[in-house]
Amino acid sequence: MGLYIGRFSSILGGRRQIIYCYLNNHLHLTRGFSAASACREPIVSEDLCVRVLSLCNSGSFKEGLCVHSPVVKLGLQDHLLLNNLLISLYSKCSRGAVPDRGARHLFDAMRHRDVVSWTANISAHTSVGDHKEALRLFKLMESSGCQPNEFTFASALRSCSSLRDLDWGIRLHARILKCGLEPNPVLRSGLMNLYSKCGEVDAAFEVFATTMHNGGGDTISWTTMISAFVQAGDSAGALRLYTSMIESGVRPNEFTFTKLLTASVSLGSYCAEMVHAHVILWGAKLNLVLKTALVDRYTKLGRMEDALRISRSTRESDVMLLTSLISGYTRILDPKNAVAMFLGMNVWGVTPNAFTYAAVLSACSMIPDLRLGAQIHCRVMKAGLECDVSVGNALIGMYTKCSPYANDSVLSFDEIISPNVVSWTSLIAGLSHHGLDQDAYMAFTGMRAAGIVPNNSFTLSTILKACGSIEESRKIHAYVLKIWNSGDDDDTRIVGNSLVDAYARMQSIDDAWLVIDTLMPRRDAITYTSMVTALNQMGLYESALGVIKRMSDDDSVKMDGFSISSFLSASASLTAMEPGKQLHSHSVKSGLDLHISVSNGLIDLYAKCGGVEDARRVFSMIPQPNVVSWNGLISGLASNGLFKDALSSFEDMRIAGVQPDNITFLLVIYACSHGGLVDLGLHYFDSISKVYGMAPLYDHYVCLVDLLGRGGRLEDAIGQIEGMPFQPDALIYKTLLSSCKVHKNLVLGEHVANHAMELNPYDPAIYVLLAGIYDDAGKSSHSKQTWQMMMERRLRKAPGQSWIEIRNRVYVFTSGDRSNPQIDEIHKKIMSLEEDRHYAEVNPVALMIKSNRTKTLL
């Protein structure tokens, strides 16, 4: 007991003598001793109990609760003042989600209650968030005939504000008016806060106007009204009100500036700097709340140096401040410093909260580092926060980006007690990321069954990306038409673009155009780019170029770099130089010519159209060519027969420090194959794994077989097929079969053809190549049998095609096709050219004279 008395006395400092005497009296009374043996003044009185409890209440010292026992023993349990003081002390010392049971039991046992008793109990429930019980007690208080005072109304208003219960709040406002308490500044601020949280800004402003009329208002009233404008999203209105506040001569405080910093989020960096300047100008105290608000604002602007300088301006720090810094580093894509800041919290003795873990898990997703993410997950479990929705959402995102297993995301989702729309959306995105489109769609179904309405643009666009069939896309489309009522054009455009992309991926072009025409009052470049990309993938290049006119007619849309590159891809596939040049001209005029995707598209266009020098010129203008740029140049040079130049460009790429990818090596081996550089091609193939640490893909082996086959090393080629780590398909055998025909190797050709037919008996090219080998070997009967086998299987050789661009129009010619209206004239001209060629071989001088006469006549 002596230790207990000493601890208690040290807590109360200069007031220890009273407590010491009281506790000694208490000790001896409980043991049956005389109070006179405890201290020089051993009188235990009501006054002493009141004084002790008052002192304990002033500092929320829970040790004062030991007074309750002697109060009962001395028969003072009906003493109203002592009971009120005990209720207040129990309430102040309560922990957890409900008030201390002692306070409620004492209140229920009281025979007589006054306004202080009721107010203390109501306030206790309000302070721990049990707002419904607080309002129930207020109603019981009124039923008992006890008149509430301003403190009772203040607690009840806080509960109404937290519950957003406007009806209750209006009833309280009426009672306040009836009691004549409206002039009270605390109640006016409470009413303004209530109406603002319930979305009734006009009603809040009426209360504020009454305040102004009655006396001009104080700092709290002005700050509360500024907060109301901020909550309503009227940041400009909040700033104007602050200006009026200054003009009225009311001095702002640190809480005023905290609200203004929140308003500055939508008004830009200049507004944030202005508020910060006013903080300094008015000499506002830089307490922890204001410092955290400043740090948070600068981190959201990406100005981490300013945020760090402010955080170090005072020694005060807490979890909210450090969490803001971690989120700031994550926002500027600096995950290493975010993780370092998180690890520093342990050194500084600051315990992370749910928002801290959510922020650092987002940083892990950026690295991405599964091991680190798993370690932080362990910390989350030790803290008991794995069921928190914000932490759970961050865990789903981390495992989606870092883990190769979709089940990790699913398990994190299952830990969340009450998943929200973000949780479901993250799960759907994770399943879709791992290619589990059907599971993602089932998750969407489960989301709706759980009563979660996916009525935001991000969730709907995520679901649409996961659609794996046209039926699923149409179901989502119907759902969007049923529930979508957003007045935000941006959200409507996002959902519309996702629908267009979903239909385009399924090659349902008509449905995609229907969405554009009916659901999207406003389009953007993404809308048309999705369409062009889909048309390119379907091989409908002319239709893709036709989108240019429709896009130009849409006044609200301007081409961007990605749309121009998509149009350039269509032009390159058609080898249509003229529309490509027009697109090039447009990109220069609009300042998009240095956009890397546009430059890469131009390189591809000019190379496919035979304009190698133009392709080189475009490449030379790129400030920092990426791997796609280099691949485009190497491909263009190789496809135009400049194999040595292509390989020289590859060496330049290595010198420039650009890491080659799998496509680069396909192009390099292709160049060696067609350039007859077999040994160099083998060297490049070996370097894929030995120098660059990449595993050769199946396509690399196909190119390797083509390289060896063209070089006449057919046995080495078949050895590569048998020794590669992939199961061979008909393509690789067909590639080798083509080389067997070139080198007239009948025995190997038959062997390879048999393997190719076993794998794909319906590829006509295999039969055509084998028949050609037989013809070259003089085995016409075997050739006829091969053609007969092909006909029995109803296979037809794909007709050859050629095209030419004349006056900005592409003309396509197919072997055996006579649908062109000028086909007879074309054939006559071809025959005339053939005659001229034959005549030139017989008598070139006569042909030259004939040509000169024609020119003279012209």
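The values are calculated or read from the model by the stated rules, or taken from the named source; none is laboratory data. Computed from a prediction, not measured in an experiment: that's the story for all the values here. Here the Cβ is made from the backbone with ideal geometry for all residues, glycine too, and neighbour counts use every protein chain on show. Note: accessible area is taken over every heavy atom of the protein model, side chains too, but ligands, DNA and RNA are not part of it. Shrake-Rupley method; radii C 1.70, N 1.55, O 1.52, S 1.80 Å.
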Practice problem: State the percent of C-alpha pairs, over all pairs in region 356-446, separated by a distance greater than 22 angstrom. | Solution: 18
Quiz item: Ignoring ligands and nucleic acids, what accessible area does Asp824 show with a 1.4 Å probe (Å², nearest 10)?
Solution: 90
Quiz item: From the Cα gyration tensor of region 395-455, with a ≥ b ≥ c the square roots of its eigenvalues, which class applies: rounded if a/c is under 1.5, or else prolate if a/b is larger than b/c, or else oblate?
Solution: oblate
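Compute the Cα gyration tensor for region 518-606, then decide on rounded, prolate or oblate, letting a ≥ b ≥ c be the square roots of its eigenvalues: rounded whenever a/c is under 1.5, prolate when a/b is larger than b/c in the other cases, and oblate in all that remain.
Numbers: a/c = 1.88, a/b = 1.27, b/c = 1.48.
It is oblate, given that a/c is not under 1.5 and a/b is not larger than b/c.
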Quiz item: With labels modelled as points extended 7 Å from the Cα through the Cβ direction, what inter-label distance (nm, one decimal) is found for Glu578 paired with Phe726?
Solution: 4.1
Quiz item: Accessible area, 1.4 Å probe, largest first: how do Asp517, Asp369 sort?
Solution: Asp517, Asp369
Quiz item: Dividing the convex hull volume of the alpha carbon atoms of region 672-802 by its residue count, what do you get in Å³ per residue?
Solution: 121
Quiz item: Which distance in nm do the two modelled labels at Leu140 and Asp114 give, with both placed 7 Å along the Cα-to-Cβ direction?
Solution: 2.1
Quiz item: Per residue and in Å³, how big is the convex hull formed by the alpha-carbon atoms of region 590-640?
Solution: 61
Exercise. Would you list, by chain and number, the lysines whose Cα falls below 24 Å from the Cα of Lys482, excluding same-chain residues fewer than 8 positions away?
Key: Lys465
Practice problem: Can you pull a Stokes-Einstein diffusion coefficient for region 163-317 at 20 °C (1.002 mPa s), Rh from Kirkwood over Cα pairs, as a whole number of µm²/s? | Solution: 131
Quiz item: When only Cα pairs under 8 Å and 6 or more residues apart are kept, what is the percent relative contact order across region 698-799?
Solution: 21
Quiz item: With all protein chains present and a 1.4 Å probe, how do Arg448, Arg312 order by accessible area, largest first?
Solution: Arg312, Arg448
Quiz item: Tell me, what HN-Hα J-couplings in whole Hz come from the Karplus equation 6.51 cos²θ - 1.76 cosθ + 1.60 at θ = phi - 60° for each residue of region 640-657, using x for Gly and Pro?
Solution: 9, x, 8, 5, 5, 5, 5, 5, 5, 5, 4, 5, 4, 4, 5, 5, 6, x
Quiz item: With the Cα gyration tensor of region 670-747 giving a ≥ b ≥ c as the square roots of its eigenvalues, does the rule (a/c under 1.5 for rounded; else a/b larger than b/c for prolate; else oblate) give rounded, prolate or oblate?
Solution: oblate
Self-check item: aspartates and glutamates with Cα under 15 Å of Lys285, excluding same-chain neighbours fewer than 8 positions away
Solution: Glu254, Glu316
Exercise. Pairs of Cα atoms under 8 Å, at least six residues apart: use those to get the relative contact order of region 286-341, whole percent.
Key: 35
Quiz item: Hey, could you pull the Cα Rg and Dmax for region 749-790, both in Å?
Solution: 9.4, 27
Exercise. Calculate the spin-label point distance for Val588 paired with Ser248, positioning each point 7 Å from the Cα along the beta-carbon direction, and give it in nanometres.
Key: 6.3
Practice problem: For an R0 of 41 angstrom, estimate the FRET efficiency from the Cβ-Cβ distance between Val319 and Val453 and round to the nearest 0.05. | Solution: 0.80
Quiz item: Taking only the alpha carbons of region 116-162, what extent do you get along each of the three principal axes, in Å, biggest first?
Solution: 26, 17, 16
Self-check item: FRET efficiency for Ile417 and Ser648, using Cβ-Cβ distance with R0 set to 56 Å, rounded to 0.05
Solution: 0.35
Exercise. Starting from the eigenvalues of the Cα gyration tensor, five times each then square-rooted, give me the equivalent ellipsoid semi-axes of region 460-529, largest first, whole Å.
Key: 17, 14, 10
Self-check item: Charge context of Cys467, other residues only, Cβ under 14 angstrom, K/R +1, D/E -1
Solution: -2
Self-check item: Coarse-grained scattering of region 292-361 at q = 0.13, 0.23 Å⁻¹, given as base-10 log I(q)/I(0) from a Debye sum over alpha-carbon atoms
Solution: -0.29, -0.97
Self-check item: Listed residue pairs exceeding 22 Å between alpha carbons, taken from Lys549/Lys589; Lys741/Lys779; Lys744/Lys779; Lys197/Lys300; Lys581/Lys608
Solution: Lys197/Lys300
Quiz item: Quick one: what do you get for region 147-237 if you divide its Cα Rg by 2.2 N^0.38 Å?
Solution: 0.99
Quiz item: Given a cut-off of under 8 Å on Cα pairs at least six residues apart, what relative contact order in percent is computed for region 579-644?
Solution: 31
